[in-house]
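The values are calculated or read from the model by the stated rules, or taken from the named source; none is laboratory data. Since we're looking at a predicted model, the values are computed, not measured. Every residue, glycine among them, receives a Cβ derived from its backbone with ideal geometry; neighbour counts consider all protein chains shown. Note: accessible area is taken over every heavy atom of the protein model, side chains too, but ligands, DNA and RNA are not part of it. Shrake-Rupley method; radii C 1.70, N 1.55, O 1.52, S 1.80 Å.
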Amino acid sequence: MIDHRNSDIEIRSLQGLPFRKVAEAFINAFSDYAITLDEQSLAALLKRRGARPDLSFAAFADDRIVSFIINGVGSYNGQTTAYDTGTGTIKEFRGLGLTDRIFTTAAAALVNAGVRSYLLEVLTDNEPAVRIYTRQGFSKVRDFDCFTADNSQAIATLSGKNMPDLIITHSSVENIASLSGFMDFVPSWQNSVSSILRNPEGFLCLTAYDGATPIGFGVSETAYGDISLLAVDRNRRRQGIGSAILLRLLEQNRCQRAKALNIDNRCREMTLFLEASGFELSCRQYEMIKHLP
């Protein structure tokens with residue numbers, strides 16, 4: 001490890017910093033994780049999650065970002081909430097307590113900005129990160145399961161199923177929001193309608209109808225294969241409607257892998273549906289929250 005005294009490392013916001021410097025730090029920090037992002041896809045991710053450079057902070061060593069927390073801000077469950085869109089430290093600067101220092105600075109700034117809750121997700125097997133967040137006052141709220149599938153194989157699996165003759169049309173995000181009562185659990189931050197509205201042109205929104213009656217919907221971020229939302233009227237389930245919507249979404253994906261992230265693991269019905277559609281569990285996450293003064 002490089003010998004750096006913590007006192008030599010400055011904590012300051014990302015306001016006014018060229019995005020290429022932020023992207024370089026993000027990509028370097030996650031280079032030893034199973035995460036593949038380039039500058040363009042990172043920009044799309046941060047836009048969707050509501051990133052605020054003025055309320056995001058980093059540790060700088062010789063004007064180089066060596067650790068960071070990028071925060072988004074928005075309304076979640078009726079409260080002004082900050083969302084940790086990404087926390088990382090480049091390998092040679094780990095173990096110096098930089099994340100704790102950045103969290104302390106960020107929390108104070110968020111309180112001054114009127115934020116009342118601080119939300120994040122963390123892989124359940126990332127024990128060092130879970131310890132940091134617990135130490136910082138975060139508590140576990142929900143367990144999320146994340147699923148992936150080979151896009152073409154999932155299409156083949158779904159194509160073999162019996163499906164009803166439905167009208168499935170392009171829809172607006174606002175129309176999708178009006179059908180939120182079909183959902184069995186509150187979507188995670190990144191899958192919420194608010195997040196989708198930050199970059200609606202990046203999403204394919206579909207609504208299924210029986211005549212003039214909406215009976216289901218689905219939303220996908222087609223460039224990245226991300227199935228963000230999928231739900232069917234409770235009175236019309238087990239009729240192939242969800243399969244028909246999912247098939248249409250996958251046919252428009254421009255990515256070899258399809259993803260369904262942050263499924264509340266109490267929703268067994270969705271888990272069984274995804275597994276029957278060719279998806280496999282890829283990882284688990286905790287949703288954690290800290291209530292600010």
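Couple of notes before you dig in:
- Label separation (Asn175 vs Ala113): 3.4 nm, computed from points 7 Å beyond Cα along the C-beta direction.
- Inter-label distance, Phe19 to Arg237: 3.9 nm, where each label sits 7 Å from its Cα along the C-beta direction.
- Ile167 exposes around 90 Å² of accessible area when a 1.4 Å probe is run over every protein chain in place.
- In nm, spacing of pseudo-spin labels at Lys91 and Arg266 (7 Å Cα→C-beta vector): 4.0 nm
- Mean Cα-pair separation over length for the range 142-286, i.e. relative contact order, pairs under 8 Å, 6 or more apart, %: 41 percent
- Ile227 accessible area, 1.4 Å probe, all protein chains in place, Å² to nearest 10: 10 Å²
- Accessible-area value, Val193, 1.4 Å probe, nucleic acids and ligands omitted, Å²: 40 Å²
- Solvent exposure, largest accessible area first (probe 1.4 Å, DNA, RNA and ligands not counted), of Leu120, Leu17: Leu17, Leu120
- Here the sum of -39500 (n - 2.57) over DSSP H runs of 4 or more residues, divided by the residues of the chain, equals -8500 deg cm²/dmol at 222 nm, to the nearest 500.
- Residue-normalised convex hull volume from the C-alpha trace of the range 81-204: 189 Å³ per residue.
- Only Cα pairs under 8 Å and 6+ residues apart enter the sum, and on that basis the relative contact order of the range 1-156 stands at 20 percent.
- The share of accessible area on the range 53-121 that comes from carbon and sulfur is 47 percent, using a 1.4 angstrom probe.
- Added length on full extension, which subtracts the Cα-Cα distance from 0.36 nm per residue, Ala156 to Glu275: 41.5 nm
- Of Ala276, Leu55, Val22, farthest towards positive along the dipole that unit charges on Lys, Arg, Asp, Glu beta carbons give the chain: Leu55
- Seen from Gly216, the other residues with C-beta closer than 13 Å to its C-beta sum to a net charge of +2, counting Lys and Arg as +1 and Asp and Glu as -1.
- Fluctuation leader among Leu37, Leu110, Leu249 - the chain, Gaussian network, Cα springs under 10 angstrom: Leu37
- Cut-off 13 Å (backbone N to label point 7 Å along Cα→Cβ of Val186), residues of the range 95-119: 117-119
- Entries of Lys47/Lys259; Lys21/Lys259; Lys140/Lys259; Lys161/Lys259; Lys47/Lys290 with Cα pairs more than 25 Å apart: Lys21/Lys259
- Computed over neighbours whose Cβ is under 13 Å from that of Ile196, the net charge equals 0, Lys and Arg +1, Asp and Glu -1.
- Answer label, with volume of the Cα convex hull per residue in Å³ calculated from the coordinates and candidates (1) 127; (2) 208; (3) 169: (1)
- With protein chains left intact and a 1.4 Å probe, residues in the chain average 47 Å² of accessible area per residue.
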